[in-house]
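Taking it in order: structure first as structure tokens, then the write-up.
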Amino acid sequence: MLVDSHCHLDMLCPQSQSIEDVLEQAAQADIEHMLCVSVSLERFQPMMELIAPHAQISASVGVHPDGTDVQEADEATLVELARHERIVAIGETGLDYFRTEGDVEWQRERFRRHIRAAREARKPLIVHTRAAREDTLAILREERADEAGGVLHCFTEDWDMARAALDLNFYISFSGIVTFKNAVELKEVARRVPAERMLVETDAPYLAPVPKRGKTNQPAFVRYTAEYLAELRGETLEQLAAVTTDNFYRLFADARRPVVEAIQ
Ligand code: NI
């Protein structure tokens, strides 16, 4: 069984597909759980309503670093919203200097607030970083993010960044990007990350893996990424699925793992 550790079901459903259809396809691909990741407070309540009837979906709370003209989340608000029983993480948060211009002190402040909230709420962080390697690591260290733990999601950086993240008690999550032909350096990183620190994700509806590249992504497609990674690492899909799924529930300790019925 696999877990999609990062998707945005509220951007996929019901615009592209019904949630029932998405969950049915996920079940057929052996995806047992999905983490639906928050990007803004404005979208938070509708997202929670969408996932409410479906126990195999957990969620996070946070404001994406790309979000401008959005409601800011203070620490207390994040901590309060994180008390909901389905919330297993804080994020996605982080730094993105690729999409934002000018003075981005507001982005760094937003990131710091999320880290403080994660430590207070005792929930792991979901971190997005793009073109901001040094500042991301510096802030994670300054704010003692290792106490909360977390994941660098949709990892696209080099081995030095992976090593630094591992040293900070973080996990590394691979998306469909690792299946792309031109992601040569990333494939090398994916070979080297220790199995017990690796997660898989779709980031749906974006970044569908080969052979679905260019299509709307959905949690079922995490299987293609897992198959690709297993082959890359010389492991079986079963091995990779088992270890990344165990990793998921270890990191996101509040996520409800389906009870396997013992056959007597
Ligand atoms: Ni995302």
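The values are calculated or read from the model by the stated rules, or taken from the named source; none is laboratory data. Small disclaimer: the values here were computed from a predicted structure and weren't measured. No Cβ is skipped: glycine too gets one built from the backbone with ideal geometry, and neighbour counts run over all protein chains shown. In case anyone asks, the SASA skips ligands and DNA or RNA and just uses the protein heavy atoms, side chains included. Shrake-Rupley method; radii C 1.70, N 1.55, O 1.52, S 1.80 Å.
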For region 8-20, Karplus-derived ³J(HN,Hα) couplings (6.51, -1.76, 1.60; θ = phi - 60°; whole Hz; x for glycine and proline) come out as 10, 5, 6, 9, 8, 10, x, 4, 9, 8, 6, 5, 4
Using a Förster distance of 41 angstrom, determine the FRET efficiency expected from the C-beta separation of T68 and R213, and round it to 0.05. 0.90
Pick from T77, T244, T156 the residue whose mean-square fluctuation is largest in a GNM of the chain, springs joining Cα atoms under 10 Å. T77
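For an R0 of 30 angstrom, estimate the FRET efficiency from the Cβ-Cβ distance between S16 and A55 and round to the nearest 0.05.
Efficiency at R0 = 30 Å is approximately 0.85.
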Can you list the aspartates and glutamates whose alpha carbon sits under 19 Å from that of K181, skipping same-chain ones fewer than 8 residues off? E157, D158, E201, D203, E227, E231
Would you mind telling me which residue in E105, E185, E196 has the biggest mean-square fluctuation in a Gaussian network model of the chain, where springs connect alpha carbons within a distance under 10 angstrom? E105
Once D254 and E231 are pulled to full extension, the length gained, defined as 0.36 nm per residue separation minus their Cα-Cα distance, is 5.2 nm
Modelled label-to-label distance, E147 and F98, 7 Å Cα→beta-carbon offset: nm? 3.2
What is the sum of charges around P209, taking Lys and Arg as +1, Asp and Glu as -1, for the other residues whose C-beta is under 14 Å from the C-beta of P209? +1
Spelling it out for A204: with amide H atoms placed in the peptide plane at 1.01 Å from N, the residues 5 or more places away or on another chain with amide H under 5 Å from its amide H are H8
Per residue of region 137-149, what does 6.51 cos²θ - 1.76 cosθ + 1.60 with θ = phi - 60° give for ³J(HN,Hα)? Whole Hz please, x for Gly and Pro, Karplus curve as stated. 5, 4, 6, 4, 6, 4, 8, 6, 5, 4, 5, 8, x
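State the percentage of accessible surface on the chain attributable to carbon and sulfur atoms; use a 1.4 Å probe and exclude ligands, DNA and RNA. Please list the in-between numbers first.
Numbers: 5530 of 11750 Å².
Here carbon and sulfur together make up 47 percent of the probe-accessible area.
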Among the lysines, select those whose C-alpha is under 19 Å from the C-alpha of K187, and discard any that sit fewer than 8 residues away in the same chain. K212
Region 233-243 - phi-based ³J(HN,Hα) in whole Hz, Karplus 6.51/-1.76/1.60, Gly and Pro as x: 9, x, 10, 8, 4, 4, 5, 5, 5, 4, 6
What residue among V193, V178, V104 shows peak mean-square fluctuation when the chain is described by a Gaussian network model with Cα springs under 10 Å? V104
Spacing of the two label points (7 Å from each Cα toward its C-beta) at E134 and E24, in nm: 5.3
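By the gyration tensor of its Cα atoms, with a ≥ b ≥ c the square roots of the eigenvalues, what is the shape of the chain: rounded for a/c under 1.5, prolate for a/b over b/c, or oblate?
Details: a/c = 1.42, a/b = 1.16, b/c = 1.22.
Since a/c stays below 1.5, the shape of the chain is classed as rounded.
Skip the ligands, DNA and RNA, and give the accessible area per residue of region 2-251 with a 1.4 Å probe, whole Å². Before the final figure, lay out each step's value.
Numbers: 10310 Å² over 250 residues.
Ligands and nucleic acids excluded, the result is 41 Å² per residue.
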Between I31 and residues 5 or more places away or on another chain, which pairs have amide H atoms under 5 Å apart, with H built 1.01 Å from N, and which residues are they? L2
